[in-house]
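Right, one structure below, let's go through it.
The values are calculated or read from the model by the stated rules, or taken from the named source; none is laboratory data. Just so it is clear, the model here is predicted, and its values are computed rather than measured. Note: ideal-geometry Cβ built from the backbone for every residue, glycine included; neighbour counts use all protein chains shown.
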Ligand code: HEC
Ligand code: HEC
């Protein structure tokens, strides 16, 4: 093995490179002209086009010919960039409902980006401060796992953006799991849950992970007994649920109530939305506009959480290969759902690397893949009639963004970062 491949840190880069080098060239033949904002070169070169996202004087050209790889549009001169920033600052000083319209496919009804709403607590599991405090203790307590070694916080660590910083997590007895641990910030506003959307509520989710033999490997009776042995838990459960018996369902309710209080809203983008327009850099302002227009991100990442709550196929199912993950198909058993994953939130995304359901990509790699329209798998001969062969979302098209554009998009995503959090809850003796 060449030395580079021996360092695991290099793997995501190598994989991303391999995907780009091997998958994309084959996939870009015969692609139609992208539907995302395309400014024709003959358009008035001096007019800004905030409604399409094309900056002034930088026409976006689509190369003709058999290979429809979209050439990066030319970079702006410093003067063009300065004047573009000035225009965007004026437009984005307005309330979000007055911003230039998002550029999305005609099938999509995007909800505007904005400040986070209050997280609703369901009537079956109403909010109380005592319940949330109890749920916080349980979240950090390894007593909930079969081995007594794993807490929710082992894989959802507040100091790591409520993820674990790993490509894929280690489960019970340190067995490697198949998917990346999602960040739990604002999870009370996201549904369905899990990368494949297999559960609807946080209560169901907590039970699922507690019982999963590869993950926490808990057993209801054991968990109930272990917690009942702790005087502080007996007292707290009695205060919250009103009787002496600790049940597994109550454990899940308390944990879910706590999760609904894991909320963000302190990012620079939030400050910007509240009127502090100087907190976004020039690059981030351009990135915000690109995100909403030419880059097409609002097709799926929209609304205050930056997620449409739907599942999409981004071409990352690794169908028929070692890393295969069929995503939504595992849940619905419907061919149309092969390789679909739920759109993740992008709030605080720069703090939760690595990315995607398989945790294989750095942020720059994700943006490069989007720019190339994401990989399109080609059917091998034996797959010609395969009804399960995954179809990439038609919402993804080559974007033709240049390097500066990608840096601007990244600057905008960085403005979604939340201040770091340290939580050290004392566990009961
Ligand atoms: C061993 C690591 C690990 C532990 C321990 C763990 N999780 Fe997770 N969690 C994951 C992984 C991996 C996923 C994604 C799995 C999938 O989508 O199939 C996940 C998904 C989730 C989700 C769904 C988030 C989303 O955006 O859809 C929630 C909520 C969650 N976990 C909460 C918890 C809670 C509560 C606990 C403790 C009861 C817990 N987790 C314990 C690794 C872990
Ligand atoms: C067709 C819908 C769609 C579009 C368009 C889209 N995304 Fe995504 N995005 C997703 C889905 C679905 C995932 C998760 C895919 C997976 O894990 O396989 C994702 C994942 C991501 C991630 C990784 C997040 C994480 O926590 O792992 C980032 C970053 C991201 N998208 C940014 C963007 C940006 C920037 C754009 C615009 C250039 C964009 N997305 C356009 C649906 C979309």
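The rows are residues; the columns are (1) within 23 Å of residue 122 (Cα to Cα); (2) surrounded by fewer than 20 Cβ atoms within 10 Å (Cβ to Cβ); (3) in contact with a helix residue (DSSP H, G or I) (Cβ under 6 Å, 6 or more places away or on another chain).
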site	(1), (2), (3)
227	no, no, yes
231	no, yes, no
236	yes, no, yes
242	yes, yes, no
249	yes, yes, no
255	yes, no, yes
261	yes, yes, yes
> Would it be correct to say that residue 180 is within 16 Å of ligand 2 (Cβ to nearest atom) and either modelled with pLDDT under 95 or crowded, with 16+ Cβ neighbours inside 10 Å (or both)?
Replying inline: yes
> Restricting to the range 357-388, what's the tally of residues that are part of a loop (DSSP other than H, G, I, E, B) and touching a residue at least 40 places away in the same chain (Cβ under 8 Å)?
Replying inline: 15
> From the residues in the range 196-220 that are crowded, with 21+ Cβ neighbours inside 10 Å and within 16 Å of ligand 2 (Cβ to nearest atom), which one is farthest from residue 119 (Cα to Cα)?
Replying inline: 196
> Of the residues that make up the range 354-377, is at least one over 29 Å from residue 402 (Cα atoms), surrounded by fewer than 19 Cβ atoms within 10 Å (Cβ to Cβ) and outside the structural domain of residue 197 (by TED's automatic domain parsing)?
Replying inline: no
> Only one of (1) more than 9 Å from ligand 1 (Cβ to nearest atom); (2) in contact with a helix residue (DSSP H, G or I) (Cβ under 7 Å, 6 or more places away or on another chain); (3) in the same structural domain as residue 224 (by TED's automatic domain parsing) is not met by residue 112, so which one is it?
Replying inline: (3)
>> Quick check on my filter: what residues within the range 398-416 are within 19 Å of the chain's Cα centre (by Cα), buried (at least 22 other Cβ atoms within 10 Å of the Cβ) and over 24 Å from residue 186 (Cβ atoms)?
In response: 408
>> Checking the structure you have, find out if any residue of the range 292-309 is buried (at least 24 other Cβ atoms within 10 Å of the Cβ) and farther than 25 Å from residue 189 by Cα.
In response: yes
> Hey, any hits in the range 340-351 for a residue that's away from ligand 1 (no atom under 13 Å from the Cβ), in a helix (DSSP H, G or I) and farther than 28 Å from residue 268 by Cβ?
Replying inline: no
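Has the range 132-152 got any residue that is touching a strand residue (DSSP E or B) at 6+ places or on another chain (Cβ under 7 Å) and either in the same structural domain as residue 255 (by TED's automatic domain parsing) or part of a helix (DSSP H, G or I) (or both)?
No, the range 132-152 contains no residue that is touching a strand residue (DSSP E or B) at 6+ places or on another chain (Cβ under 7 Å) and either in the same structural domain as residue 255 (by TED's automatic domain parsing) or part of a helix (DSSP H, G or I) (or both).
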> Looking at 322, 392, which one is away from ligand 2 (no atom under 11 Å from the Cβ), assigned to a loop (DSSP other than H, G, I, E, B) and surrounded by fewer than 21 Cβ atoms within 10 Å (Cβ to Cβ)?
Replying inline: 322
> Would you pick out the residues in the range 250-298 that are within 16 Å of ligand 1 (Cβ to nearest atom) and either at positive phi or assigned to a helix (DSSP H, G or I) (or both)?
Replying inline: 250, 251, 252, 253, 254, 255, 256, 257, 258, 259
